[in-house]
Amino acid sequence: MAYELAPLPYDYAALEPFMDAETVKIHHDKHHQTYTKNLNDLLANNPELAAKPIDDLLRNLAQVPEAIRTGVRNQGGGYANHTIYWTLMGPVGSDGIGGAPIGPIAAQITADFGDFEAFKKTFNETAAKQFGSGWGWLVFEAGKLKIISTLNQDTPLSQGLYPILLNDVWEHAYYLKYQNRRPDFLAAWWNLVNWHEVNRRFAIAKG
Ligand code: MN
């Protein structure tokens with residue numbers, strides 16, 4: 001059984017003008033597709049591992065044979081992170097997409113960060129400072145929201161944490177439209193966040 005690339009849940013142009021259609025197309029159809037293929041190739045001789053849900057695989061990388069562990073960490077992380085990423089954005093102008101948070105996550109953000117602006121500032125600064133390629137994340141630990149970043153395709157799942165929200169700060173995520181201006185991309189990206197999906201993940205993170 002192989003991991004599958006889920007279709008993009010909206011049109012390539014649905015995230016315009018904040019994320020351009022060409023970036024979305026290359027990011028999903030080429031980058032995400034390549035992580036998917038490489039992960040399947042790595043596990044071609046390990047059907048038991050390949051049958052595991054991707055989150056289980058990444059939660060316990062020690063179960064992966066050492067010869068392919070780094071590969072699975074990178075390619076499996078790339079597969080999983082992008083799968084979450086597409087669902088955490090939505091068509092501009094739709095209900096619950098962009099703007100201020102709604103639902104339980106809104107109250108938790110206020111409780112833990114003071115207000116949405118302070119939360120965004122911390123998230124954007126953390127993601128902007130990630131040196132090189134990586135991700136910014138929102139997780140829930142010891143009863144509080146926490147913002148972290150990871151290098152390459154590493155996922156908080158491998159640290160025992162469940163991702164609630166994430167943003168991709170690899171240059172392929174923004175370079176065509178924003179070039180070297182990572183902070184501009186980070187600021188604009190909040191117009192795309194799918195707060196329904198953030199709330200669904202927040203409920204799982206709380207357990
Ligand atoms: Mn990416």
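The values are calculated or read from the model by the stated rules, or taken from the named source; none is laboratory data. Since this is a predicted model, take the numbers as computed values, not measurements. Virtual Cβ from ideal backbone geometry, glycine too; neighbours counted across all protein chains shown. These accessible areas exclude ligands, DNA and RNA; they are computed on the full protein's heavy atoms, side chains included. Shrake-Rupley method; radii C 1.70, N 1.55, O 1.52, S 1.80 Å.
So with the 1.4 Å probe, I'd like the accessible area per residue for region 124-192, rounded to whole Å².
On the way: 2840 Å² over 69 residues.
Ligands and nucleic acids excluded, the result is 41 Å² per residue.
Multiplying the sequence separation of Asp115 and Ala13 by 0.36 nm and subtracting their Cα-Cα distance, what value in nm do you get? Each step should come with its number before you reach the end.
Details: separation 102, 0.36 × 102 = 36.72 nm, distance 3.10 nm.
Gain on stretching Asp115 to Ala13: 33.6 nm.
Calculate what fraction, in whole %, of the accessible area of region 20-87 sits on carbon and sulfur atoms when a 1.4 Å probe is rolled over the protein chains.
Values: 1620 of 3240 Å².
The C+S portion of the solvent-accessible surface of region 20-87 is 50 percent.
Would you mind telling me which residue in Ser133, Ser158, Ser94 has the biggest mean-square fluctuation in a Gaussian network model of the chain, where springs connect alpha carbons within a distance under 10 angstrom?
Ser94
Grab the Cα-Cα distance for Ala203 and Asn60, subtract it from 0.36 nm times how many residues apart they are, and report the gain in nm with one decimal.
Values: separation 143, 0.36 × 143 = 51.48 nm, distance 2.22 nm.
The Ala203-Asn60 span can extend by a further 49.3 nm.
For a Förster distance of 41 Å, can you work out the FRET efficiency between the beta-carbons of Ala128 and Ala51, rounded to the nearest 0.05? If you can, show how the numbers build up before the last one.
Numbers: r = 39 Å, r/R0 = 0.94.
My answer for the efficiency is 0.60.
For Gly134, which sequence-distant residues (separation of 5 or more, or a different chain) have an amide H within less than 5 Å of its own amide H, given hydrogens modelled in the peptide plane?
Close amide H contacts, sequence-distant or interchain: Asn152, Val169, Trp170.
Treating the beta-carbon of each Lys and Arg as +1 and of each Asp and Glu as -1, no other charges, what is the dipole magnitude of region 1-100 about its Cα centre, to the nearest 20 debye?
Here the size comes out at about 340 debye.
Label-point separation (nm) for Asn180 and Thr70, each offset 7 Å from Cα along Cα-to-Cβ?
Going by the 7 Å Cα→Cβ label model, 3.0 nm.
In nm, give the distance between the simple-model label positions of Glu4 and Asp41, each being 7 Å from the Cα along the Cα-to-Cβ direction.
Here the answer is 2.2 nm between the modelled labels.
For the pairs Lys30/Lys121; Lys25/Lys52; Lys146/Lys206; Lys25/Lys146; Lys25/Lys177; Lys25/Lys129, flag any whose C-alpha to C-alpha distance is greater than 23 Å. Kindly include the intermediate steps, with their values, before the conclusion.
Values: Lys30/Lys121 31 Å; Lys25/Lys52 28 Å; Lys146/Lys206 13 Å; Lys25/Lys146 31 Å; Lys25/Lys177 13 Å; Lys25/Lys129 26 Å.
Result: Lys30/Lys121; Lys25/Lys52; Lys25/Lys146; Lys25/Lys129 exceed 23 Å.
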